[in-house]
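**Student:** Below is the structure I would like to discuss, written out as structure tokens.
Here, each number is a calculation from the coordinates, and none is a lab measurement. Here the structure is a predicted model, which means the values were calculated and not measured. Cβ: placed from backbone, ideal geometry, glycine included. Neighbour counts: every protein chain shown.
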Amino acid sequence: MEDLTKLDPRFVTVTRIRTALATLPLLIAAFALEGADILPFGVVLIPVVLLAAFIIFRIPLRRYAARGYAMSDDRLRVVRGLLFHSDTVVPFGRVQHIDVDQGPLERAFGLSSLTVHTAGTHNASVNLPGLATEDAAAMREEIRAHIKRETL
Amino acid sequence: MSEPAVPLGVPRQTDILSVFARGAGGVQSALVPMAAVFFGSGSSTASFGIALTIGAVIVGLMTLVAFVQWQRLTFTVGEQDIRVESGVLSRAARSVPYERIQDVSLEQALIPRLFGLVSVKFETGSAGKDELALAYLSEAEGEALRELVRAQKDDSEAPLSVEPGEGEIDQTAKAQPGEQLFAMGPKRLFTFGLFEFSLAVFAVLAGLAQYADSFIGIELWDADLWMEWLAGPGEYVSQLGPMAQVISVAAGLVSFFVVGSVTGLVRTFTRDWGFVLDRTAKGFRRRRGLFTRTDVVMPAHRVQALQIGTRMIRRRFGWHGLKFVSLAQDAGGSSHDVAPFAKLDELRPIVRAAGFAMPEDTLDWQRSSRAYRNVGMWIDALIPALIGIVILGLAAFSGIEEIDGRWGFALIPFAFALFLAVRQAFLWRYARNAIDETQVYRRTGWLAPSTAVANRVKLQSAEISQGPIARWRGYATLHLGLAGGAFAIAGLPLDRAHELRRAVLDSISAKDFSELT
């Protein structure tokens, strides 16, 4: 098997910000509960903060380590998943169309995600986030050059 | 037969008769409110009149709506596309280019059939829901439209391949009626119907009974009422002695089987009456149906994979069914039934016509990993086994009167756990996979095995996925991307998964998607 290319390291930061936003309501609830003075100090707050810290700082790093991709002459390989691992290969000859997307957060960090669509029911779209915008554009051009002509 | 010419580029309307067909269809939806009014107003002669009036009003309204809609709906058969403009208050215009039309199918439900009308459906492979349909055209017009779309499609798809001189040869090829691949006569349908034994009718009856409950005002679920009713004949039966009781139980069982068989027969006959599968120049053409007659054509190159299945009992008599997997939808199902009930030898020519091959005996069938089997057995047995342990614990320590000391109860969940584990072992034993130069094979099922055959070149992607347990025990699931279906082989040893994927990917890369269609 060929070596995998790592995603852009900025992907870790983006994922951290995203998970931080997702855990925010939980943290606020924990602080509110603490403020209400029903339970002894720290019974709720300390575990919640520890858990949130783990989710925000550790998990994105592990996710980043688990992800990777490889482009060869005729196929794109996308590897992902910490607990549920998946290793997908899409031959360029089966790509129907290609998307390059940028959310607001991704744009702030100069990242893009590349999505290739196939006609298959399983893996109808294969998503590869966390690419530097110029890399994503270059990959799109390369894949497109391989698609001989658009049909169907 | 002189087919009416289809004028190009002119906005046209559907057949005026469709207004009446839709109105007549309204009778169906008027029945329930009519019944409600009839029973609700005391079931007298006067209420019968009211009910009839209400029915007439509903049908009249539906006819009126159908008329207004009919007036506002036009379709245009253009050079590049078919356009439909519709809508009374809000207008909608849709254009479907010929290249996107996978196929045109004609469908006749009972009422339109009486009027000699067909509904024309344009399949675009857009997940089935959003298909364009014209309801209704006259039979001849529908047929003409279908021919025209097919001709247009060929022109737009392969403008270079047809040389000027060959046009006429092509025309004669089209006119050929096609070779019959498979058909089911009444005798075959009868056998098929018997195997389609179904108790669905009992579920329907139970549902109806509940519905009738609120109308008739009899409490059907009131046990006392039944006791009273049964007291007469019931007592009589109990006095007859054991012999008569055995006979009455037997009679009950017999009627049970008769009802189930009749249901199966009726369903089979209405669905598959006059089943004919032809191989025409355009692809496979299937016609079937007693009340709703359907006529579906599927180009042979659109067949992505095959499914050969059977059931527990019919398998002992050598009956199998064949389905084609493709992007087009078939009556709600994702695969096309091309031979629902046939001997394996009858399937062979159909499979060959689709450009596939039946699994041969020389194939190197391989099993999934043993670790996968063991994990499956443990997981399946886990929950009933835990329940059994809890019952044992209760029997020993709880002191609850009902269960204290009754160890035997725990046997039930334990037996169930054992059964599930044994079942997994057998499923593993019979699940196989194989690969040859052109195809990938997957066999699943223990008592009712089914085989899926996919063309290596027609696959879209390949994925190896592993959950936490799979990674720990070293097996993986191989998902092959198939247009219009799923093709996954579970529990492969990791090496085998990689080997299969490598082989499939090499075949895929050798041929571009555009060469497939």
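**Student:** Between A:Leu21, A:Leu128, A:Leu61, which gets the highest mean-square fluctuation from a Gaussian network model of chain A, Cα cutoff 10 Å?
**Tutor:** Taking springs between Cα atoms under 10 Å, the residue moving most is A:Leu21.
**Student:** Taking all pairs of different Cα atoms in the protein assembly as shown, averaging 1/r and flipping that mean, what Kirkwood radius in angstroms comes out?
**Tutor:** On the way: mean 1/r = 0.0322 Å⁻¹.
Value: 31.0 Å, from the Cα pair sum.
**Student:** Apply the Karplus parameterisation 6.51 cos²θ - 1.76 cosθ + 1.60, with θ equal to phi minus 60°, to every residue of region B:179-186 and state each ³J(HN,Hα) to the nearest whole Hz, in sequence, with x for glycine and proline.
**Tutor:** For region B:179-186, the Karplus curve yields 9, 7, 9, 7, 8, 10, x, x Hz.
**Student:** Residue by residue, what Karplus-based ³J(HN,Hα) values in Hz, rounded to whole numbers, does region B:264-269 have, using 6.51, -1.76 and 1.60 with θ = phi - 60° and x for Gly and Pro?
**Tutor:** Calculated HN-Hα couplings, in order: x, 4, 4, 4, 5, 5 Hz.
**Student:** Provide B:Glu131, B:Glu147, A:Glu106, B:Glu360 in ascending order of the number of other Cβ atoms located within 10 Å of each residue's Cβ, fewest first. Walk me through the numbers before you get to the answer.
**Tutor:** Numbers: B:Glu131 18, B:Glu147 15, A:Glu106 21, B:Glu360 9.
Placing the least packed residue first, the sequence is B:Glu360, B:Glu147, B:Glu131, A:Glu106.
**Student:** Sort A:30-38, B:305-313, A:116-124, A:8-16 by the packing proxy (mean of other Cβ within 10 Å over each peptide's residues), most packed first.
**Tutor:** Working: A:30-38: 12.1, B:305-313: 19.4, A:116-124: 21.1, A:8-16: 17.7.
Result, highest mean first: A:116-124, B:305-313, A:8-16, A:30-38.
**Student:** Arranged from highest to lowest average of other beta-carbon atoms within 10 Å per residue, in what order do the peptides B:501-508, B:396-403 appear?
**Tutor:** Values: B:501-508: 18.8, B:396-403: 10.4.
Ranked from most to least packed, the peptides come out as B:501-508, B:396-403.
**Student:** Mind giving me the nanometre distance, one decimal, between the label points for B:Arg473 and B:Leu418, set 7 Å out from Cα along Cα→Cβ?
**Tutor:** Result: 2.2 nm between the two label points.
**Student:** While we're on this one: For B:Ala503 and B:Thr438 in one chain, what is 0.36 nm times their gap in residues minus the Cα-Cα distance, to one decimal in nm?
**Tutor:** Values: separation 65, 0.36 × 65 = 23.40 nm, distance 1.01 nm.
That works out to 22.4 nm of additional length.
**Student:** Give me the tail of P(r) for region B:274-353 as a percent: Cα-Cα pairs with distance above 19 Å. It would help to have the intermediate numbers written out before the result.
**Tutor:** Working: 1137 of 3160 pairs.
That fraction is 36 percent.
**Student:** Using only atoms on other chains, find how many Cβ atoms lie within 10 Å of each Cβ of peptide B:501-507 and report the average. Walk me through the intermediate numbers first.
**Tutor:** Details: counts 3, 2, 0, 2, 6, 2, 1.
Per-residue shielding by partner chains comes out at 2.
**Student:** With just the Cα atoms of region A:62-115, tell me how far they stretch along each of the three principal axes, in Å, largest first.
**Tutor:** Principal extents (Cα only, largest first): 33, 28, 17 Å.
**Student:** If you take the beta carbon distance between B:Arg188 and A:Ala20 as r and set R0 to 51 Å, what does 1/(1 + (r/R0)^6) give as a FRET efficiency, to the nearest 0.05? Let's see the in-between values first.
**Tutor:** On the way: r = 66 Å, r/R0 = 1.30.
That pair, B:Arg188 with A:Ala20, gives E of 0.15.
**Student:** Related question: Extension gain B:Glu346-B:Leu8, at 0.36 nm per residue separation less the Cα-Cα distance, in nm? Walk me through the numbers on the way to the answer.
**Tutor:** Values: separation 338, 0.36 × 338 = 121.68 nm, distance 4.29 nm.
Length gained, B:Glu346 through B:Leu8: 117.4 nm.
**Student:** When the Cα atoms of region A:1-117 are enclosed in a convex hull and the volume is divided per residue, what value in Å³ results?
**Tutor:** Working: hull volume 14.8 nm³, N = 117.
With only Cα atoms used, region A:1-117 gives 127 Å³ per residue.
**Student:** Under the definition of partner shielding as Cβ atoms of other protein chains within 10 Å of a residue Cβ, what is the mean value for peptide B:484-490? Can you show the working numbers first?
**Tutor:** On the way: counts 3, 3, 3, 3, 1, 0, 0.
Per-residue shielding by partner chains comes out at 2.
**Student:** While we're on this one: Figure the gain on full extension for B:Leu253 and B:Ser95 (residue separation times 0.36 nm, minus the Cα-Cα span) and round it to one decimal in nm. Please report the intermediate quantities before stating the final value.
**Tutor:** On the way: separation 158, 0.36 × 158 = 56.88 nm, distance 5.74 nm.
Net length gain for the segment: 51.1 nm.
**Student:** Shifting gears a bit: Across peptide A:117-129, what mean number of C-beta atoms from other chains lies inside 10 Å of a residue's C-beta? Walk me through the numbers before you get to the answer.
**Tutor:** Details: counts 1, 6, 14, 16, 14, 12, 8, 4, 0, 3, 0, 0, 0.
Partner Cβ neighbours, averaged per residue: 6.
**Student:** Give me the count of lysine pairs in the protein assembly as shown whose alpha carbons sit under 23 angstrom apart, restricted to pairs 8 or more positions apart or on different chains.
**Tutor:** Count of close lysine pairs: 21.
**Student:** Add -39500 (n - 2.57) for each DSSP H run of 4 or more in the protein assembly as shown, then divide by its residues: what number comes out at 222 nm, to the nearest 500 deg cm²/dmol? Each step should come with its number before you reach the end.
**Tutor:** Values: 19 runs with 299 residues, N = 669.
It lands at -15000 deg cm²/dmol.
**Student:** What distance in nm separates the simple spin-label points at A:Ala36 and B:Arg267, each placed 7 Å from Cα in the Cβ direction?
**Tutor:** 5.4 nm
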